[in-house]
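Chemist: One structure, pasted below without further comment.
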Amino acid sequence: MKKLILIMIVVFISVSAFADEKRFAVPVGDSPSTGPMNAPVTIIEFLDFQ
Amino acid sequence: MDTYAGKIRLVIKNAPYIYRDYSHLAAEASLAAKDQGKYWEMHDLLLQRSPVLDRDSLIKYARELALDMKKFTASLDEKKHAQEIEQDKKLALDMDLYNTPTFFINGRRVVGERPFEYFKKIIDEELSAKR
């Protein structure tokens with residue numbers, strides 16, 4: 001039983017570690033941007049000024 | 001950003017929170033400044049002065065940036081960019097995104113403010129993957 005719980009914990013940790021490795025496709029459109037169009041890294045920030 | 005000059009493209013989407021008084025107006029102000037080629041100046045100023053973002057303050061900031069006040073005020077009052085902002089809001093909603101700021105670094109999601117080191121790690125991973 002203890003072993004099972006341990007396995008479940010390990011599985012849970014590894015799943016959550018990879019959870020955010022999903023890549024989202026966010027259309028850039030005409031949004032304000034800075035930096036070269038062909039930059040190797042694109043950061044899209046959703047912000048609220050307030 | 002300066003650390004990675006030429007390697008990063010930063011794109012801003014507006015996700016004004018519906019229950020905050022001036023979120024929407026501040027987004028309008030930023031896009032009105034964009035029309036006059038001063039988006040980033042206004043972006044920095046708004047973040048610096050937030051949460052003081054009422055109409056009079058926004059007009060004062062525009063004056064500080066030497067914008068054409070007639071055009072700026074008209075744009076703000078007519079909510080000229082409402083459609084663009086709504087589009088961003090819809091996108092955020094479609095992506096099930098309720099926290100700001102939220103970042104997508106080459107599509108990898110980061111929710112909330114994080115220390116620079118946290119971003120640096122992801123950016124470095126992305127840069128070495130591209131090499």
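The values are calculated or read from the model by the stated rules, or taken from the named source; none is laboratory data. Just so you know, these numbers come straight off a predicted model, no measurement behind them. When we count neighbours, we look across all protein chains shown, and the Cβ atoms used for this are built from the backbone with ideal geometry, even at glycine.
Chemist: Please list, ordered by first then second residue, the pairs with beta carbon atoms under 8 Å, 6 or more apart or interchain, first in segment B:71-83 and assigned by TED's automatic domain parsing to the domain that holds B:GLN36 and modelled with pLDDT under 95, second assigned to a helix (DSSP H, G or I) and surrounded by fewer than 16 Cβ atoms within 10 Å (Cβ to Cβ).
Modeler: Listed by first residue and then by second, the contacts come to nothing, as the list is empty.
Chemist: Of all residues in segment B:15-40 being more than 7 Å from chain A (Cβ to nearest Cβ) and farther than 19 Å from B:ALA74 by Cα, which is surrounded by the most Cβ atoms within 10 Å (Cβ to Cβ)?
Modeler: Only one residue fits best here, namely B:ASP21.
Chemist: Might you check whether a residue that is under 20 Å from A:VAL26 (Cβ atoms), at the interface with chain A (Cβ under 10 Å from one of its Cβ atoms) and under 11 Å from the mean Cα position of the chain (by Cα) occurs anywhere in segment B:41-62? I'd like the intermediate steps shown before the answer.
Modeler: Restricting attention to segment B:41-62, the residues satisfying the condition of being under 20 Å from A:VAL26 (Cβ atoms) are B:43.
Narrowing further to those that are at the interface with chain A (Cβ under 10 Å from one of its Cβ atoms): B:43.
Pick out the ones that are also under 11 Å from the mean Cα position of the chain (by Cα) and you get B:43.
So far as segment B:41-62 goes, yes, one or more of its residues are under 20 Å from A:VAL26 (Cβ atoms), at the interface with chain A (Cβ under 10 Å from one of its Cβ atoms) and under 11 Å from the mean Cα position of the chain (by Cα).
Chemist: Considering each of B:SER30, B:SER50 in turn, give the residue that is more than 24 Å from A:MET37 (Cβ to Cβ) and outside the structural domain of B:SER128 (by TED's automatic domain parsing).
Modeler: Going through B:SER30, B:SER50 in turn, the sole match is B:SER50.
Chemist: Another question, if that's okay. If we scan segment B:100-121, do we find a residue that is in a helix (DSSP H, G or I), among the β-branched types (Val, Ile, Thr), in contact (Cβ under 8 Å) with a residue 24 or more places away in the chain and within 11 Å of chain A (Cβ to nearest Cβ)? Show your work before the answer.
Modeler: Step one: list which residues in segment B:100-121 are in a helix (DSSP H, G or I), which gives B:116-121.
After this cut, where a residue has to be among the β-branched types (Val, Ile, Thr) as well, the list is none.
The answer is no, given that none of the residues of segment B:100-121 is in a helix (DSSP H, G or I), among the β-branched types (Val, Ile, Thr), in contact (Cβ under 8 Å) with a residue 24 or more places away in the chain and within 11 Å of chain A (Cβ to nearest Cβ).
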